[in-house]
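The values are calculated or read from the model by the stated rules, or taken from the named source; none is laboratory data. Computed from a prediction, not measured in an experiment: that's the story for all the values here. No Cβ is skipped: glycine too gets one built from the backbone with ideal geometry, and neighbour counts run over all protein chains shown.
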Amino acid sequence: MTDPLLALRPWQAPEVTSWGRLPMNAVDRRSGALSLDGDWRFRLLPTPEATVHGTWSTAHVPGAWTMQDTDDLPQYTNVRMPYAEFPPRSPAANPTGVYERHVDVPADWAGRRIVLHVGAAESVLLVHVDGRPVGISKDSHLAAEFDLTDVVRPGEPSVVRLTVVKWSDATHIEDQDQWWHGGITRSVLLYTTDPLHLADVTVRARRDGDLRVDCLVRDAAGDGALPEGWYVTGDLDGDLLAQDTEFDRLNAEDERVSDFLGEVRIRAVVPGVRTWNAEQPELYGLTVRLHRADGTVADSSYHRIGFRDVDIVGRDLLVNGERVFIRGVNRHDFHPLTGRTVSYDDMRADLVLLKRFGFNAIRTSHYPNDPSLYDLADELGFYVVDEADIESHDHAHEIADDPRYLNAFVDRVSRMVLRDRNHPSVIVWSLGNESDYGANHDAAAGWVRRHDPTRPIQYEGAAKRGWADPDVASDIACPMYAPLEDCLAHALSGQQTKPLIQCEYSHAMGNSNGTLADHWAAIESTPGLQGGFIWEFRDHGILQRVSDGRPVGRAGAGLYGNGVAAPGHRWAYGGDFGETVHDGAFVADGIVFPDRTPKPAMYEHREIAAPVRIRSFRHEGVVLANHQHFRGLDWLTGTWELALADGRTLTGPAALPDLRPGETAAVPLPFAVPADGGEAWLTLRVTTAEDQAWAPAGTEVCAPRIRLRAADAPREPVVSGPAVEVDAEGLLRHPLLTAAPTLTLWRAPTDNDELGGMAARWRAWGLDQMVREVVSVRRDGERVTVESEHGCALGVVRHRQQFTPVEGGVRVEESAELPEEFHDVARIGSVFETVAGLDLLEWFGQGPWESYPDRAAGAPVGHHALPVDDLFTPYLRPQESGGRHGVRRFTLSSPDATGLAVELDEPRQVSVTRYRAEDLTAAAHHDELTPRTGCVVHIDAAHRGLGTASCGPDTFPAYLVTPGVHRWSWTLRMV
């Protein structure tokens, strides 16, 4: 007999979004439910129509089968679809997973309503119980529920079969920038209610204490007519709330009373209400109870609610009447061992980390995230842009106005709103991502505006019609990667009508996020600019065994850490699973590594978002400012740290003033600044004074700094000691160097360099293959001057080195002339290599983490020390990394404290790693790298900024290495 669900072929019917699926609601039934998570019998079929036969294997639920040792492996694409068929068609080869298990329905569930909840299935779900068709659902990132009351028999086992079809018409609107998977990726459970039950609960809690709770009541018994005498009550943190009789009376007068659907309201005004915001996420416990006529409780629902308002006034987005900066990040549900499946602990760890680094907002790119994420955002304090599961990137223009997809657009947006509307953290609804703009968006927006007028709507695609256009379905101008000069021009034009908050503005692929501080300096000083969201939170590297090229899966937990995959493993990206259609490492574009290790750019953001800032230095004290929106400084404490160029560091306690948001105050230092010691930098290390929900007491929150005294003028070198050894090729000979200092203009291309086109240009110029030719070697007493030319396809760079013996070492003075045709190179400076055994770097400059000219705000100036092996940053695709900006001097030493010391003429970009630039350039993964025993040292006169050109604007002109004569000098001594 033909299966009616298969006969419908729902995987190629965009008009069919569901069949037999219950309406979405905001009633949480997770507590007390029967979990069906665990191992299920499993068969992976080649097509949906294939017959299930042969031996069953097992698959873990929740989990993607692509991560569980099947032959259907993960595949990564960005824009393009993984197959050639046009919408709404799917390919003939269509992996289909059949999950089956016995379920023992408790005998005491007899007479009750029984519901199956499937948290998420990618992409079409077909449900059968005991061979009977139950329902269909689409949308890979929202739950589907089915009423099994008339299907299962309490006290007897039933067989539940869940069939998941991987490719479908829905896949064309789930074309997000992420791995393609298949499977059941969120929890499955069975729950029960009384036939008389709360079908839905809607909470609206305003900042003035006004509380409105709207309840829908249904009865599944008999003909579904509601019994006489039922009523609803509630309590808010123990204070009793009653049904709003005035609402009941008005409903009766308007003839809005239904025999099968009860609409009731609880209304109250809470005196002295504590409002919710991201800085102080105050929550109340609301319990709603449905009573029978005799007063017994038929059903109840618990909600943690927050009192807050969201408004747009003019061009400002307001939370509780305050214009707030949106310091956001885009976040996928992702884990390197399980793919799309994330646990509660994983999500909490994600948000705790973000909170510690100054983020206050999340965009759920590009679909509704796991429900627990919103509970955590409510609790920890995040503003959430909740985004519908709509992205038709490869076929955006065709689908936006396609009436066959109209129902899907409205269905996905409305179900998201119905699920998440009670979360105070959700402040904006998003209609999806990169799907052009058409009638289907307008239809979805119309539904949202009618159902939830308390929140604004945004949609990036509408921004293409103009940031100020009042007739599009977006209340916020939310472009992606708009050049800063365009944003400033719009804000200053007098034509701006909406808040400008970029949905993506800084792309974190590899060594990136240059100019982040420049962007925020403009945002904080320009009315009309209000922030944005970094793309994205996490590198989507999947832990892969090198031996067989397969995902490690759940069994590999704990095999990775510190950003580096364990020996025998690597972080896989597009193309690493044998797929021919893929987009490479573009999936590795997070601000943390796959194992959640922060990248250096996280520290940059932490400082940019600092709640406490140092404004200026005045009369042995400084002016501090509170840069929060709602909170004082009483939850923070601080320590002063004064770093002097002569090697001294003074510390002392910092008494933070009692400042309201936006206020400033002068505070004295606990010590006098020494009159000697050279350059002096003051850092305020701000930590939590007591435990927070997201950090224990003593966690560093920020470290603002200010220079108190400039460096002394450099002294002319005094000739001292034996003559410098220079060989016939004009190369310095030194007992601690295995390769003499030579000129370099090349760096191992960053992802931004490669995708932004700069690396291709540099290769075409021949900067990676420059040939050195000695022009002259002149000796003037003890001083040696070497003139050389470095030739490439573009032309010749003239380089001059002058070596002067000084006490204990050699002074190297260099100059290089970049002709006009060398209008934009990666760096200009010296590179040399040391003997083995120099394993500790100590330096005075910015640190301790990696920094670059356009990403240096997060690295305070001080005295730092790290093992050389810890200086390198393991970006998923090896590239230029490990640099430290603003270095004044450094030493490289062995365990017995001997080694070499370098003093620089002025703060320079320096890197010390185990790899040459050509080592990094040649490798696709870190398992292909072999560290050198010595150190490769770069001292740059100038180093190009990083920018974000892999997807977004390049660095600014101020951070380019441009033509002209560049001069730098340094002194090398043995210690």
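I'm trying to understand the selection: among the residues of the stretch 648-674, which are part of a loop (DSSP other than H, G, I, E, B) and within 22 Å of residue 611 (Cα to Cα)?
The first filter runs over the stretch 648-674 and keeps only residues part of a loop (DSSP other than H, G, I, E, B), leaving 648, 655-663, 669-674.
Once the filter is applied, which keeps residues that are part of a loop (DSSP other than H, G, I, E, B) and within 22 Å of residue 611 (Cα to Cα), the stretch 648-674 yields 655, 656, 657, 658, 659, 660, 661, 662, 663, 669, 670.
Kindly check whether there is at least one residue in the stretch 264-273 that is closer than 30 Å to residue 460 by Cβ and either of a type in the set (Phe, Trp, Tyr) or not assigned by TED's automatic domain parsing to the domain that holds residue 695 (or both).
No: zero hits.
Do we find that residue 525 is among the polar types (S, T, N, Q), surrounded by fewer than 24 Cβ atoms within 10 Å (Cβ to Cβ) and modelled with pLDDT of 95 or more in this structure?
Values: among the polar types (S, T, N, Q): yes; surrounded by fewer than 24 Cβ atoms within 10 Å (Cβ to Cβ): yes; modelled with pLDDT of 95 or more: yes.
Judged against the criteria, residue 525 is a match.
Looking only at the stretch 431-446, filter to residues that are surrounded by fewer than 24 Cβ atoms within 10 Å (Cβ to Cβ) and part of a loop (DSSP other than H, G, I, E, B); which one of those is farthest from the chain's Cα centre (by Cα)? Step through it out loud before you land on a result.
Filtering the stretch 431-446 for residues surrounded by fewer than 24 Cβ atoms within 10 Å (Cβ to Cβ) gives 434, 436-439, 442-443, 445-446.
Next, from what is left, pick out any that are part of a loop (DSSP other than H, G, I, E, B): 434, 436-438.
Working: 434: 18, 436: 24, 437: 25, 438: 29 Å.
Here the residue is 438.
Out of the stretch 841-884, which residues are surrounded by fewer than 23 Cβ atoms within 10 Å (Cβ to Cβ), touching an Asp or Glu at 6+ places or on another chain (Cβ under 9 Å) and part of a strand (DSSP E or B)?
If the condition is that a residue be surrounded by fewer than 23 Cβ atoms within 10 Å (Cβ to Cβ), touching an Asp or Glu at 6+ places or on another chain (Cβ under 9 Å) and part of a strand (DSSP E or B), then 862, 863, 864, 865, 866, 867 are the ones that fit.
Could you tell me which numbered condition residue 47 fails, if it satisfies all but one of (1) in a loop (DSSP other than H, G, I, E, B); (2) in contact with a Gly (Cβ under 9 Å, 6 or more places away or on another chain)?
With (1) in a loop (DSSP other than H, G, I, E, B); (2) in contact with a Gly (Cβ under 9 Å, 6 or more places away or on another chain) applied to residue 47, the lone miss is (2).
Which members of the stretch 652-705 meet the condition of being of a type in the set (A, V, I, L, M, F, W, C), crowded, with 17+ Cβ neighbours inside 10 Å and farther than 25 Å from residue 278 by Cα?
Scanning the stretch 652-705 gives 654, 667, 669, 680, 681, 682.
Within the stretch 344-357, is even one residue outside any helix (DSSP H, G or I), closer than 20 Å to residue 539 by Cβ and basic (Lys, Arg)? Lay out the reasoning, then the answer.
At the first step, the residues of the stretch 344-357 found to be outside any helix (DSSP H, G or I) are 357.
Checking which are closer than 20 Å to residue 539 by Cβ leaves us with 357.
Imposing the further condition that a residue be basic (Lys, Arg) reduces the set to none.
Looking for residues that are outside any helix (DSSP H, G or I), closer than 20 Å to residue 539 by Cβ and basic (Lys, Arg), one finds none in the stretch 344-357, hence no.
Identify the residue in the stretch 945-969 that is of a type in the set (A, V, I, L, M, F, W, C) and in contact with a Lys or Arg (Cβ under 8 Å, 6 or more places away or on another chain) and, among all such residues, is surrounded by the fewest Cβ atoms within 10 Å (Cβ to Cβ).
960
For residue 198, work out the one condition from (1) under 30 Å from the mean Cα position of the chain (by Cα); (2) buried (at least 22 other Cβ atoms within 10 Å of the Cβ) it doesn't fulfil.
Residue 198 satisfies all of (1) under 30 Å from the mean Cα position of the chain (by Cα); (2) buried (at least 22 other Cβ atoms within 10 Å of the Cβ) except (1).
Only one of these conditions is not met by residue 339: (1) in the same structural domain as residue 410 (by TED's automatic domain parsing); (2) small (Gly, Ala, Ser); (3) under 21 Å from residue 63 (Cβ atoms). Which number is it?
(1)
Suppose we filter the stretch 894-944 for residues that are buried (at least 19 other Cβ atoms within 10 Å of the Cβ), among the small types (Gly, Ala, Ser) and within 17 Å of residue 832 (Cβ to Cβ); how many remain?
Qualifying residue count, the stretch 894-944: 5.
Just checking: which of the strands (runs of 3 or more DSSP E) contained wholly in the stretch 724-823 hold 2 or more residues that are buried (at least 19 other Cβ atoms within 10 Å of the Cβ) and at pLDDT 95 or above? Steps first, answer last, please.
Working: elements: 737-744, 771-780, 783-791, 796-806, 809-818.
Of the strands (runs of 3 or more DSSP E) lying wholly inside the stretch 724-823, those with at least 2 residues that are buried (at least 19 other Cβ atoms within 10 Å of the Cβ) and at pLDDT 95 or above span 737-744, 783-791, 796-806, 809-818.
Looking at the stretch 43-72 only, could you name the residues that are under 28 Å from residue 394 (Cα atoms) and out of contact with any strand residue (DSSP E or B) (no Cβ under 7 Å at 6 or more places or on another chain)? Write out each step before concluding.
Applying the first criterion (under 28 Å from residue 394 (Cα atoms)) to the stretch 43-72 yields 44-49, 63-67, 70-72.
Passing the criteria: 46, 49, 71.
Confirm whether residue 913 is touching a Gly at 6+ places or on another chain (Cβ under 7 Å), closer than 19 Å to residue 737 by Cβ, touching a residue at least 24 places away in the same chain (Cβ under 8 Å) and of a type in the set (S, T, N, Q).
Answer is yes for this residue.
From the residues in the stretch 343-375 that are crowded, with 24+ Cβ neighbours inside 10 Å and aliphatic (A, V, I, L, M), which one is farthest from residue 521 (Cα to Cα)?
If we take residues in the stretch 343-375 being crowded, with 24+ Cβ neighbours inside 10 Å and aliphatic (A, V, I, L, M), then 373 is farthest from residue 521 (Cα to Cα).
List the pairs whose first member sits in the stretch 306-319 and is without any contact (Cβ under 8 Å) to a residue 12 or more places away in the chain and not assigned by TED's automatic domain parsing to the domain that holds residue 378, whose second member is among the charged types (D, E, K, R) and assigned to a strand (DSSP E or B), and whose Cβ atoms are under 8 Å apart, counting only residues at least 6 apart or on separate chains?
318/311
Can you go through 468, 463 and tell me which one is over 30 Å from residue 200 (Cβ atoms) and over 26 Å from the mean Cα position of the chain (by Cα)? Break it down stepwise before answering.
Numbers: 463 fails: over 26 Å from the mean Cα position of the chain (by Cα).
After ruling out the rest, the residue left standing is 468.
Determine whether the stretch 15-32 contains at least one residue that is over 36 Å from the mean Cα position of the chain (by Cα) and in a loop (DSSP other than H, G, I, E, B).
Filtering the stretch 15-32 for residues over 36 Å from the mean Cα position of the chain (by Cα) gives 20.
Subset that is in a loop (DSSP other than H, G, I, E, B): 20.
Yes, the stretch 15-32 has at least one match.
Are there any pairs, at least 6 apart or on different chains, whose C-beta atoms fall under 6 Å, with the first in the stretch 1-29 and closer than 19 Å to residue 132 by Cα and the second assigned to a loop (DSSP other than H, G, I, E, B) and not acidic (Asp, Glu), and if so, which?
Taking only residues 6 or more apart or on different chains, the pairs are 10/16.
Name the residues in the stretch 582-614 that are part of a strand (DSSP E or B) and over 17 Å from the mean Cα position of the chain (by Cα), would you?
Once the filter is applied, which keeps residues that are part of a strand (DSSP E or B) and over 17 Å from the mean Cα position of the chain (by Cα), the stretch 582-614 yields 612, 613, 614.
Has the stretch 358-367 got at least one residue that is part of a helix (DSSP H, G or I), modelled with pLDDT of 95 or more and either basic (Lys, Arg) or not assigned by TED's automatic domain parsing to the domain that holds residue 688 (or both)?
No, the stretch 358-367 contains no residue that is part of a helix (DSSP H, G or I), modelled with pLDDT of 95 or more and either basic (Lys, Arg) or not assigned by TED's automatic domain parsing to the domain that holds residue 688 (or both).
Within the stretch 30-57, take every residue that is of a type in the set (Asp, Glu) and in contact with a Ser or Thr (Cβ under 6 Å, 6 or more places away or on another chain) and give me the one that is farthest from residue 135 (Cα to Cα).
Within the stretch 30-57, the subset of a type in the set (Asp, Glu) is 37, 39, 49.
Next cut, in contact with a Ser or Thr (Cβ under 6 Å, 6 or more places away or on another chain) only: 37, 39.
Details: 37: 20, 39: 22 Å.
Among residues in the stretch 30-57 that are of a type in the set (Asp, Glu) and in contact with a Ser or Thr (Cβ under 6 Å, 6 or more places away or on another chain), the one farthest from residue 135 (Cα to Cα) is 39.
What is the residue count in the stretch 488-518 for residues that are surrounded by fewer than 24 Cβ atoms within 10 Å (Cβ to Cβ) and either part of a helix (DSSP H, G or I) or in contact with a Gly (Cβ under 6 Å, 6 or more places away or on another chain) (or both)?
Number satisfying all stated conditions: 7.
Name the one entry in 323, 331 that is touching a residue at least 24 places away in the same chain (Cβ under 8 Å), surrounded by 17 or more Cβ atoms within 10 Å (Cβ to Cβ) and under 30 Å from residue 602 (Cβ atoms).
Values: 323 fails: surrounded by 17 or more Cβ atoms within 10 Å (Cβ to Cβ).
Among 323, 331, only 331 is touching a residue at least 24 places away in the same chain (Cβ under 8 Å), surrounded by 17 or more Cβ atoms within 10 Å (Cβ to Cβ) and under 30 Å from residue 602 (Cβ atoms).
Residue 866 - would you say it is among the hydrophobic types (A, V, I, L, M, F, W, C), more than 23 Å from residue 749 (Cα to Cα) and either touching a residue at least 24 places away in the same chain (Cβ under 8 Å) or outside the structural domain of residue 767 (by TED's automatic domain parsing) (or both)?
Considered against the rule, which asks whether it is among the hydrophobic types (A, V, I, L, M, F, W, C), more than 23 Å from residue 749 (Cα to Cα) and either touching a residue at least 24 places away in the same chain (Cβ under 8 Å) or outside the structural domain of residue 767 (by TED's automatic domain parsing) (or both), residue 866 comes out as yes.
Does residue 226 satisfy the condition of being assigned to a loop (DSSP other than H, G, I, E, B), more than 43 Å from the chain's Cα centre (by Cα) and either more than 22 Å from residue 29 (Cβ to Cβ) or not assigned by TED's automatic domain parsing to the domain that holds residue 149 (or both)?
It is true that residue 226 is assigned to a loop (DSSP other than H, G, I, E, B), more than 43 Å from the chain's Cα centre (by Cα) and either more than 22 Å from residue 29 (Cβ to Cβ) or not assigned by TED's automatic domain parsing to the domain that holds residue 149 (or both).
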